[in-house]
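Only the coordinates and a few stated rules stand behind these numbers; no lab work does. Bear in mind that the values here come from a model prediction, so they are computed numbers and not experimental data. Because the Cβ atoms are built from the backbone with ideal geometry, glycine has one as well, and the counts that use them run over all protein chains shown.
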Amino acid sequence: MKTTLTVNGTQHEVGHDPRRTLLDTLRDDLGLTGTKKGCDHGQCGACTVLLNGERVNSCLCLTAMHDGDEITTIEGIGAPERLSALQRAFVERDGFQCGYCTPGQIMSATAMLKEIAEGSPSYVSDDLDAPKLSDGEMAERMSGNLCRCSAYPLIREAIAMAAEVKE
Amino acid sequence: MSDTFTMDSPQPRLLDQTGQGVIGTPMNRPDGPRKVSGQACYTADAVTEGVAHGVLVRSTISRGRVTGMDLASVMSIDGVIDVITDPRMIRNPAQGMAGEAPVQPGDAVHYHGQPIALVVAESFEAARDAAQRLTVHYETEEASVTPEGTSASETDDPETAGDFDAAWQAAEVKVDLNFTTPSQAAAAMEPHAAIAEWKDNSVTVHSSLQMIRFNKKELADTLGIDPSQVRILAPFVGGGFGSKLGLGPEAVAAAIASQRLGRPVRVVMTRQNVFDCVLRRSETAQRVRLGATQDGRITAISHDDTVSNLDGEGFSEPVSQASQFLYGADGLSFTQTVARIAATPAGSVRAPGEAVGMLGLEAAMDELAERLGMDPVELRLKNLPDKHPMDGREYSTRRLADCLREGAENFGWAQRGAAGMRREGDWMIGMGMASAARSSMLVKSASRVRLTGDRAVVETDMTDIGTGTYAILAQITAEMLGLSPERVEVRLGDSDLPGASGSGGSFGANSAGSSTFLAARKIRRRIADLLGCAEDDLTLQGGRARGLNRDMALADLVQEELEAEATIKAGKTAESHFSSGFGAHFAEVAVNEWTGEVRVRRMLSVMSMGRILNEKTARSQALGGMIWGIGAALTEEMQNDQRDGHVVTRDLANYHVPSHADVPGDMQVLFLEERDDWANPIQTKGIGELGISGAGAAVLNAIAHATGHRVYDFPALPDRVIAAMEVEI
Ligand code: FES
Ligand code: FES
């Protein structure tokens, strides 16, 4: 079957098996291997991409369900020579070790910062109408992104650093 | 070309005399920009034209024989190419540094979850479908799947020093405690993967592996070919933690399938495959006995344990490793029993031995301190032996006392107060601490350095599994050759390059760092020759060479490439001196009175681990280890079905590695300066495992302090915390 996707601003028509996940389409059909597979079951967050601006686990998305959708992957955030503020902060703070969970962490954090800016609260928000970026908020909201190297405190330092630069 | 340097005597601290000033600095990883932008190429990313996809089929019995497979049941599935069984297939990954084929079971099944076939298809979806549908016929045999249920066990002779029985008899204050820890999984985020392709009778395998020099031999031996016909590539490895030390079934299956089909084949383990057949850390049952005098001098130490493994695996978790060198006593005794069970085999997972053994030892130390009415830090300070208690070796360097004192000071340990006294609403607050120790080694390793003008290239088959190898080898070379690190390119993870130690046992930086240092040193000598001065008179800095009134840019001086290779191996210093990283962990926890939930609120670890090559990556390693300690203390537990041994917790929703929300932001690491002259010519000790060693015990001791009650079966899950509180009230 065929599905049309806009990935990082470029439109693609992909022919695929009906069982194909968005993750495998991105990686194996479009060659965008920056998005990683850690579990294929929605349990690790390594495959996080933005789907029409919202973060999703692409391993839980069937490609066939996303005809006409817009997807942003890590490749759409920034390349080595022109990194985003968040990517630069990850490098500066060593917010990774092996780097395997990193694209997912960065995609997730990109969306997470936007969610807070838009005032969407979390389980730990003190103020349900105007949540603020704090370490506790980040820890809660980033918990879908596992990092076995356990760079967690440095990932959150990096996110805080990038958020400051932006403000 | 590569003569071997043997570490027979302490070496001058050349890295303290060179002038570039990059060694030890918190330099960003040179591979960082590629990792944060998704450009770093991990195994499964390296797909080539025409690749076929393989999925491993697992056995669903615990012991017996495969008598047949209904190929017809899957060959009709669209896209399925082949179902491959082959006598060369392996039962499980090789143990670390095996250098030869693991068990090749043929049609025999030794545990539930063993890979028994590979389905290859044009698409991953078809291969996965077929692997699940394939009907397999077995002949089953009885098997024991739990350490308690098996009659097959081997008990070693005790390792002893002094007379434990006499010391134990005479001890004035004693603790005699039993602890259990469950099996644990390395659970690296990158699942084990391989892509194999044959050309002209040689096979190239991309695979996520930690020790290329050994893996190459393992694959050659497994396939029955010459090592010269094998090339292994692993430029980026998505975490290993011991689970990728040895060649795995996915690489062998990919190589066999590719040979048979004449096209490249990719085999990526599903997360479930990883739990089923990658080596786990053994569960342990531990008995710790500590005897002391009234005034807190430890006189007797015994740490006995039972671990498990599958038949034919030589590895056994060295549970009492740290108990044998951390504290002194008049009598020490250590006995290990290995239970043989039909379950996923056990092997090295980050800090084998210390990671679980120190949970028992350091909890027992805490309880001994309580019995003695002594501060836990004081008890430790009072019992630091002068020499290795078992073999009499000198400690190379040991700043454990400084770590304990600095840690207590910086953590606010003086405010700790009595157990069970501090509360915030429903939360009981407590502080705990533990020593950290992890022995350090030098393993044979080779590197090549090439210099043209002011650009250097480092080449070795060493891996960077997140540890920071790309960074530190660039820093060492830059420091030695007086270059900015951006002028040094580091090439790793290719078996065609000089054979390094590989990443494992915290010896990677010591070993590959030293061989790189020695190769760069040879280049320094050649530069001195070119400049016409003695090596001692040479200064290399900022791309310039100075000596004996001459001052030249390397770009002008080194017009033809200089190349040097060096190999290092351990020697007499390892016999005379015992090298280990030491440290002290401190943790504060909150325990919910009603739910038993434990939250770690802050941690501090003070560590002395020889020369720090890169302050930033060293800190990351230390933090990672500490967080693994939180996992071991609170959440990580691999469960096996008691009837057939199959892994029940075979995905990341059921095996609980720490997540962001489990880890507080307040995680501090302090390094105390140290140079280990006896360890290697760059004066380093291992870093990757010291952070975990003892960290979980600090958390567990904090729980005991918060609640006044101790958990003995780890991890301290909420129900166990509640049970501990209820039983003793
Ligand atoms: S791969 Fe999608 S959540 Fe793990
Ligand atoms: S950096 Fe290795 S898993 Fe996060």
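Descriptive notes on the structure:
- A Förster radius of 51 Å combined with the Cβ-Cβ distance from residue A:81 to residue B:176 puts the calculated FRET efficiency at roughly 0.20.
- Averaged over peptide B:188-198, the number of partner chain Cβ atoms lying within 10 Å of each residue's Cβ comes to 4.
- Look at the alpha carbon pairs under 8 Å that are at least 6 residues apart: their mean separation over the length of segment B:1-129 gives a relative contact order of 31 percent.
- Segment B:116-164: GluC sites (Glu not before Pro) in DSSP loop, at most 14 other beta carbons within 10 Å: B:141, B:142, B:148
- Sparse-neighbourhood loop sites, GluC sites (Glu not before Pro) in segment B:643-729 - DSSP loop, at most 16 other Cβ within 10 angstrom: B:673
- Rh by Kirkwood over Cα pairs, then Stokes-Einstein D for segment B:423-554 at 0.692 mPa s and 37 °C, µm²/s: 199
- Average other protein chain Cβ within 10 Å of Cβ, residues A:74-84: 4
- The relative contact order of segment B:633-729, computed from alpha carbon pairs under 8 Å that lie at least 6 residues apart in sequence, is 28 percent.
- Residue order, fewest to most beta carbons within 10 Å, for A:12, A:66, B:192, B:112: A:12, A:66, B:112, B:192
- Hydrophobic, long helices, defined as DSSP H runs whose alpha-carbon span along the helix axis is 24 Å or greater and whose mean Kyte-Doolittle value is at least 1.0, do not occur in chain A.
- Gain on full stretching of the segment that runs from residue B:160 to residue B:536 - 0.36 nm per residue minus C-alpha separation: 130.6 nm
- Estimated from the Cβ-Cβ distance and a Förster radius of 35 angstrom, the FRET efficiency linking residue B:73 and residue A:67 is about 0.55.
- Computed over segment A:85-162, relative contact order equals 49 percent, with contacts defined as Cα pairs under 8 Å that lie 6+ residues apart.
- Residue-averaged [θ]222 nm for chain B, counting only DSSP H segments that reach four residues, each worth -39500 (n - 2.57): -7500 deg cm²/dmol
- Legend: residue pairs A:132/B:35; B:216/B:569; B:216/B:685, Cα-Cα distance threshold 22 Å; pairs beyond threshold, A:132/B:35; B:216/B:685.
- Here each label is just a point 7 Å from Cα along the line to Cβ, and for residue A:14 and residue B:553 those points are 4.9 nm apart.
- The alpha carbon convex hull volume per residue for segment A:85-162 rounds to 73 Å³.
- Other protein chain C-beta atoms within 10 Å of residue C-beta, averaged over B:644-653: 2.
- Counting every other Cβ atom within 10 Å of each residue's Cβ, A:101, B:533 order from fewest to most as B:533, A:101.
- Using the Cβ-Cβ distance between residue B:293 and residue B:387 with R0 = 30 Å, the FRET efficiency computed as 1/(1 + (r/R0)^6) comes to roughly 0.90.
- The residues A:82, B:422, B:599, when put in order of fewest to most other Cβ atoms within 10 Å, stand as A:82, B:599, B:422.
- The loop-placed GluC sites (Glu not before Pro) in segment A:101-146, going by DSSP, that have at most 11 neighbouring Cβ atoms within 10 Å of their Cβ come out as A:118.
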